[in-house]
Amino acid sequence: MKKYALFILFCVSPFLHAETLLVAGFAGYKRPVSELSQQFEKVTNNKVDLFYGNMAQVLAQTSQSDDVSLVIGDLSFLKQAKKVSFSHFIPLGDGTLVLAYAKGKSLDSPQQLLSEKFTRIALPDTKKAVYGIAAHEFLSVGELDKKLKNKLMEVSSVPQVSSYLISGEVDAGFINMTEALAIQDKIGGYIEIDHQTYSPIYIAAAVVKGHENNAAIKAFQNYLNSDAAHKALQGAGL
């Protein structure tokens, strides 16, 4: 009986130490981060609380709280953070900029944005949002930004661009591949932007310094290295 009792205790012991993780995610990765967190909760007894925003918002909130354990977003921006220190980074994949268009529209090339068929084009914040910065870099090539000046509408984040695309309030918009795959049934379609026209985007999970020895963080890191997590990330276009 003692052997059985010890075996049962060993099996349930991970659940006795279950914790709640506070994870921050850049808005453009809301769907995959949410999916990963839900799967992690299913395979462990840990709870994940999430909040999202553009890069500046996420890092500002993280710097003001000791409770945030992990931040998921653009690696280069995370490394440049001045008010938040990270112990290490876990690579998750590469980001891809796409140009999506609303239902009822068709688009084969970004140059077609110059036509009269496209009057409103949305893009995320060009200073604080990863894909807004990427879109600005792309548009600067060939001075498309100047040619489209009166058509461009800058909003706060990728999800907001998506919302406008779905509602038809804009004709086209710059978002990431992850978001495009998630809303593809609600828009007309999308085209991938040449990676050579904007700075590389590497996505990572950054462990906030001071939380690296947290048991739940270690469990989450192990999960991120699992086949199930890799499959979910690939399915999200990363």
Would a scan of the stretch 3-18 turn up a residue that is more than 14 Å from the chain's Cα centre (by Cα), in the same structural domain as VAL207 (by TED's automatic domain parsing) and modelled with pLDDT of 75 or more? no
State yes or no: is ILE133 touching a residue at least 60 places away in the same chain (Cβ under 8 Å) and either out of contact with any helix residue (DSSP H, G or I) (no Cβ under 9 Å at 6 or more places or on another chain) or crowded, with 16+ Cβ neighbours inside 10 Å (or both)? yes
What about ALA180, is it at pLDDT 95 or above, surrounded by 21 or more Cβ atoms within 10 Å (Cβ to Cβ) and out of contact with any helix residue (DSSP H, G or I) (no Cβ under 8 Å at 6 or more places or on another chain)? no
Which condition number in (1) surrounded by fewer than 22 Cβ atoms within 10 Å (Cβ to Cβ); (2) of a type in the set (D, E, K, R); (3) under 30 Å from VAL43 (Cβ atoms); (4) in contact (Cβ under 8 Å) with a residue 12 or more places away in the chain is the one that ARG120 fails? (3)
Of all residues in the stretch 162-197, count the ones that are part of a helix (DSSP H, G or I), over 19 Å from the mean Cα position of the chain (by Cα) and closer than 25 Å to SER140 by Cα. 2
Test: residue in the stretch 148-161 that is in a strand (DSSP E or B), in contact with a helix residue (DSSP H, G or I) (Cβ under 7 Å, 6 or more places away or on another chain), under 24 Å from GLU35 (Cα atoms) and not assigned by TED's automatic domain parsing to the domain that holds LEU36: no
Consider GLU41 against the criteria (1) without any contact (Cβ under 8 Å) to a residue 12 or more places away in the chain; (2) crowded, with 23+ Cβ neighbours inside 10 Å: it satisfies all of them except one. Which criterion is unmet? (2)
Taking the criterion of being modelled with pLDDT under 85, basic (Lys, Arg) and out of contact with any Lys or Arg (no Cβ under 6 Å at 6 or more places or on another chain), would at least one residue in the stretch 26-38 satisfy it? yes
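Out of curiosity, is ILE217 outside the structural domain of VAL141 (by TED's automatic domain parsing) and either among the aliphatic types (A, V, I, L, M) or in contact with a Gly (Cβ under 8 Å, 6 or more places away or on another chain) (or both)?
yes
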Candidate set from the stretch 136-159 (those that are within 16 Å of ASP171 (Cα to Cα) and over 19 Å from the mean Cα position of the chain (by Cα)); member that is surrounded by the fewest Cβ atoms within 10 Å (Cβ to Cβ): ASN150
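The values are calculated or read from the model by the stated rules, or taken from the named source; none is laboratory data. These numbers come from a predicted model, not from an experiment. Here the Cβ is made from the backbone with ideal geometry for all residues, glycine too, and neighbour counts use every protein chain on show.
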